Amino acid sequence: MTQHTQPRLWRGLLRFIGWVVFALVMAVVALVLVIPRLIGAVPLAVLTSSMEPVLAPGTLVVSQSVDPETLAIGDVVTFQPVSDDPMLVTHRIVEVGYQADGDLTFTTRGDNNGADDQPIVGDQVMGKVVYSVPYVGYVTTLFGVTERGWIVGALGGLLIGYAVFTLLRALMRRQPR
């Protein structure tokens with residue numbers, strides 16, 4: 001290899017790595033922000049080990065509202081253990097039943113727990129988990145809602161700026177001087 005070929009090779013390799021990292025970041029942004037909004041779902045971080053090994057702490061789950069009548073044993077749902085309490089839990093349905101008045105009930109349990117949770121009614125179910133992204137939940141728990149908003153906006157702006165810069169630079173290089 002000549003002296004001129006080696007720096008070009010490194011620049012090409014660094015450019016390739018940069019694009020791979022950019023694509024990965026964009027995929028994570030899509031999975032965490034864009035897709036949940038498009039399907040009317042909510043991204044939530046798993047905080048405990050109750051759903052291990054399927055959903056380890058730090059996993060981001062995306063939970064979408066569903067009609068409780070469509071839920072079945074084996075579905076993983078996000079629910080309020082106490083009605084109108086903002087605390088949410090994500091566990092698997094292990095039993096479906098009915099109250100004396102005909103209301104649907106669900107018994108849930110964390111995959112890593114030895115005992116069932118108290119039964120809940122359909123109104124307590126906030127959604128069904130449609131997909132999860134390992135480790136991304138750690139990032140969302142580092143920041144409060146206020147900080148998260150401007151951080152996501154800043155990162156999005158930086159990514160768009162980088163894409164525009166890269167495209168403009170490529171166009172400038174192709175034009176004859």
How large is ³J(HN,Hα) for each residue in the range 123-137, as worked out from phi by the Karplus curve 6.51 cos²θ - 1.76 cosθ + 1.60 (θ = phi - 60°), to whole Hz, x for Gly and Pro? 5, 7, 7, 8, x, 9, 6, 9, 6, 9, 10, x, 6, 5, x
Excluding ligands, DNA and RNA, what is the solvent-accessible area per residue of the chain at a probe of 1.4 Å, expressed in Å²? 68 Å²
Taking Cα Rg over 2.2 N^0.38 Å straight from the coordinates, which label in (i) 1.36; (ii) 1.45; (iii) 0.98 is the correct one? (ii)
Do the sum for the chain: with -39,500 (n - 2.57) for every DSSP H run of n ≥ 4, divided by all residues, what is the mean residue ellipticity at 222 nm, to the nearest 500 deg cm²/dmol? -12500 deg cm²/dmol
Computed ³J(HN,Hα) along the range 52-67: with the Karplus parameters 6.51/-1.76/1.60, θ = phi - 60°, integer Hz and x for glycine or proline, the list is 5, x, 5, 10, 6, x, x, 7, 9, 9, 10, 10, 10, 4, 9, 6
Mind checking which of Arg92, Arg37, Arg15 has the largest fluctuation in a GNM of the chain, springs on alpha carbons under 10 Å? Arg15
Size of the dipole of the chain about the Cα centre, Lys and Arg at +1 and Asp and Glu at -1 on the beta carbon, nothing else charged, in debye to 20? 2320 debye
Counting chymotrypsin sites (Phe, Trp or Tyr not before Pro) as exposed when in a DSSP loop with at most 15 other beta carbons within 10 Å, what is the longest stretch of the chain free of them? 1-134
Return the carbon/sulfur percentage of the accessible area of the chain, one whole number, probe 1.4 Å, all protein chains in place. 64 percent
Run the simple label-point estimate for Leu9 and Thr141 please: 7 Å along Cα→C-beta, distance reported in nm. 4.5 nm
Can you tell me the length gained on complete extension of the stretch Glu69 to Glu95, counting 0.36 nm per residue apart and subtracting the Cα distance? 8.0 nm
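The values are calculated or read from the model by the stated rules, or taken from the named source; none is laboratory data. Everything quoted here is computed from the prediction, not taken from an experiment. Cβ sites come from the backbone with ideal geometry, for glycine too, and all protein chains shown count toward neighbours. Accessible surface areas use protein heavy atoms only, side chains included; no ligands, DNA or RNA. Shrake-Rupley method; radii C 1.70, N 1.55, O 1.52, S 1.80 Å.
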